1. Report, by residue number, each residue of the range 1-33 that is open to solvent by 50 Å² or more (accessible area, probe 1.4 Å) and not in a helix (DSSP H, G or I).
2. From the set of residues in the range 115-165 that are farther than 15 Å from Thr87 by Cα and in contact with a Gly (Cβ under 6 Å, 6 or more places away or on another chain), which is nearest to ligand 2 (Cβ to nearest atom)?
3. If Val163 satisfies every condition in (1) outside any loop (DSSP other than H, G, I, E, B); (2) buried (at least 16 other Cβ atoms within 10 Å of the Cβ) but one, which is the exception?
4. Can you name the residue in the range 86-117 that is among the small types (Gly, Ala, Ser) and in a loop (DSSP other than H, G, I, E, B) and is also nearest to Ala29 (Cα to Cα) among such residues?
5. Where the second residue is away from ligand 3 (no atom under 16 Å from the Cβ) and open to solvent by 60 Å² or more (accessible area, probe 1.4 Å) and the first is closer than 11 Å to Leu36 by Cα and at pLDDT 95 or above and lies in the range 89-106, which pairs have Cβ atoms under 8 Å and are six or more apart or on separate chains?
6. Do you know which residues across the range 112-131 are small (Gly, Ala, Ser) and either touching a His at 6+ places or on another chain (Cβ under 9 Å) or away from ligand 3 (no atom under 16 Å from the Cβ) (or both)?
7. Being part of a loop (DSSP other than H, G, I, E, B), open to solvent by less than 60 Å² (accessible area, probe 1.4 Å) and under 28 Å from Asp143 (Cβ atoms) narrows it down to one residue among Leu45, Leu36, Leu49; which is it?
Amino acid sequence: MDDQTWTAVDAWWTGTLHAPDPTLDAATADSAAAGLPPIAVSASLGKFLHLLAQSIGARRILEIGTLGGYSTIWLARALPPGGELITCEIDAKHAAVARTNLERAGVASVVDLREGPAIDTLAALTGPFDLAFVDADKQSGADYFAECLRLSRPGGLIVVDNVVRAGKVVDDASTDAAVLGTRRLAAAVAAEPRVEATVLQTVGTKGYDGFLLARVR
Ligand code: SAH
Ligand code: DHB
Ligand code: MG
């Protein structure tokens, strides 16, 4: 089994279970046309986040790392009337592309896109949030986790993307800043009595990676 099989299976299941979605396709196409990197969550994992948010009745969602707004659209669509999503993005060009995509998706009115370093945006926020999706610079994962924990309601969920990175996370000798950041996050989560956590390894159109899922007690 290899990446080609994972991609084919991911595409097959998405084609089988997901309704055609021109709005999301346009967000992907316009993000690519604007030169954004192709690192948004896959359709399968976007829908997984959407279903997770709906399952816990999330009314306030926090996202760290907007890019072109692809995962933002999936999460915003899970909100009930009156719900809101705050998403953090440092790159002005990414934020501009995201604003167009969010507008077209009809979710701009429920999404508050905050431009700037996420750590500064987070410091100014007050909770409670029901769900946080952490998907920005991997060096800062432990700092984002600490802020998400402060902002979460009891029973809230914190999901962190890219915690496996093709298995690099278990390389004790790695000097890669993203790997070191993920390992610092792992130590912080392991030592944190206020959460219960696990990791779901994933394969698909984005290769071999994984989500960390933490539930706040
Ligand atoms: N969640 C998106 C993908 C995010 S990619 C999706 O699945 O569709 C990571 C994003 O985090 C990039 O757009 C990058 O510019 C942003 N980012 C990186 N460092 C950041 C920081 N310090 N503060 C806020 N955003 C940051
Ligand atoms: C990268 C970042 C991501 O958030 C992701 O899901 C995949 C790759 C990256 O920076 O390479
Ligand atoms: Mg990611």
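The values are calculated or read from the model by the stated rules, or taken from the named source; none is laboratory data. Note that this is a predicted model, so its numbers are computed, not measured. Heads up, the Cβs are rebuilt from the backbone with ideal geometry, glycines too, and the neighbour counts pull from every protein chain shown. Protein only, heavy atoms only, side chains kept; ligands, DNA and RNA dropped before computing areas. Shrake-Rupley method; radii C 1.70, N 1.55, O 1.52, S 1.80 Å.
1. Residues satisfying the conditions are Met1, Asp2, Ala19, Pro20.
2. For the range 115-165, the residue satisfying everything is Lys138.
3. (1)
4. Filtering first and then ranking leaves Ala105.
5. Ala95/Glu115; Val97/Asp30
6. Scanning the range 112-131 gives Gly116, Ala123, Ala124, Gly127.
7. None of the other options fit; the residue is Leu36.
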